[in-house]
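Structure record follows, encoded as structure tokens.
Derivation of every value follows stated rules applied to the coordinates shown; laboratory data play no part. Nothing here was measured: the structure is a model prediction, and the numbers come from that model. Virtual Cβ from ideal backbone geometry, glycine too; neighbours counted across all protein chains shown.
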Amino acid sequence: MTHQSTEFLGHPKGLFLLFGTEMWERFSYYGMRAILVLYLVATVQEGGFGWSNSEALALYGWFTMAVYLTPVLGGWIADNVLGQRKSIIIGGLLMAAGHFTLGTPQEVFGGGAENAFYIGLVLLCCGNGMFKPNISTLVGDLYEQGDTRRDGAFTIFYMGINIGAFVAPLVVGYVGEKIDWQLGFICAGVGMLISVAMQLALAKKYLGEIGVKPSAHHIAVAGESSAKDKPLTAEEKDRVKVIVIMSVISIVFWVGYEQGGGLLNIYAKDFTDLNVLGWEMPASWLQAVSALFVIIFAPVFASLWIKLGDKQPPSPKKFAYSLIFVGVGFLFMMAATLQQGGDINAKVSVLYLIMTYLFLVFGELCISPIGLSLVSKIAPIKFLSLLMGVWFACSAIANKVAGLVGGMIGEGQEQIDNAFGIFAGLTVSGFVAGILVFFMADKLVEWMHGAEDKSLAEPKVEHSELDQDPV
């Protein structure tokens, strides 16, 4: 169900409200993510918990798994009970509570500091489950079936994510590493409150009734039973298969990509030359590199898809490109470990990490906004947010696997000995999976039943100027 309004830069203005809402939510999440592992491995004297690398990466894997698994439940609740808009507000408030719990000084909790830390993470996971699938669903609801602007819209939306993700490590990372860990978490919480405030103040004006009612209760045609009561057609079942298969395929990509907040974060701290004109920058600042590349290249990719129009590769082939880019990216990390030559005291150029992040971002732009767009295109309406949750659930599995893979790095000399094998494994898995998806692409496109064919677009209802929102 779409909401007609005046446009800005060729898209409904509601897209840019969702852009801003997601930008501040991602500021809060990626700020917390940038310092989480570094906080855990910091010594007690430095204000951390003094965990080992393996312990910190194991928790990181469990936490990020839960972050992406809870959207399955949150999507179902939105579809069947609350609607997307209420779910977003509730989720945002829960996440803010989680950040502020993490930001409470350890001495306030005394011997219960670690228990309070876990409570904060649980609040973040639950809030994310309510927020994440539903904000993405609202983006898709702004466009009619077959509208070729949709992939571009999700790429623009993805820029909002990454503006927040770029600023977050610079602000939260600096405050956390250089001033106080808890103050860093509080900064993340403030960002989350700004996100909620934007949605409360502007959603009615720019989104209308989109997302107010649970999508499973929408009446498809006057006089018919609700969509909730209708069985899936054969075509819808095929499309569900595509979503599930593509979601599973995405696991390979995210296992590599999510090394950024874990293994690559530790590699930056321990083995990368971070000196700039005699000043050592925070290791967490490298978490901003990926987001900066997305901000730079997202408009390039969005313009490319628009320019190609009907000639652009179908979504399954874009997924294949993303996996190949993962393989290319980790070739640079293999080269970095070879340069170290087994010397634990050797520091490699930061350019190795930067090039790895660049190719991971190229892959990200071929899979993440495209995957969100794919689900919104072909999911049956009564399962829309639930299937968006399935997409994130596969990311959950990937995050847990990523934590296990990163945890193999070990401690001390083991880190040097194990790094090459880990990076080589990620390289090979990307190349192999990418080639397999190329072979599967034609069958997946067939099962999509023309969902990406603009000739199937529904006619839009024209509104008079009096019906349109002012700029």
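A few remarks follow.
- Nearest 10 degrees, 0 to 90: helix 287-308 Cα axis against the chain principal axis: 30 degrees
- Sequentially through region 70-84, phi angles give Karplus couplings (6.51, -1.76, 1.60; θ = phi - 60°) of 4, x, 4, 5, x, x, 5, 4, 5, 4, 10, 10, 9, x, 5 Hz, Gly and Pro residues having no value and appearing as x.
- With the simple spin-label model, which puts each label point 7 Å out from Cα in the Cβ direction, the LYS230 to VAL122 separation comes to 4.1 nm.
- Among (1) 22.3, 68; (2) 22.1, 74; (3) 31.8, 125, the entry derived from the coordinates for Rg and Dmax of the Cα atoms in Å: (2)
- Tilt relative to the chain, helix 113-141 - C-alpha long axis, 0 to 90 degrees, to 10: 30 degrees
- Taking Lys and Arg as +1 and Asp and Glu as -1, the other residues whose beta-carbon sits under 14 Å from that of ALA66 total +2.
- Between helix 181-207 and the chain: long-axis angle, C-alpha atoms, 0 to 90°, nearest 10: 10 degrees
- By the rule of a C-alpha distance below 24 Å, with chain neighbours fewer than 8 residues away ignored, the lysines paired with LYS400 are LYS132, LYS241, LYS269.
- Average Cα contact separation per residue, region 280-360, under 8 Å, 6 or more apart, as relative contact order %: 38 percent
- Computed from the C-beta positions of GLU114 and VAL300, the FRET efficiency with R₀ = 35 Å rounds to 0.20.
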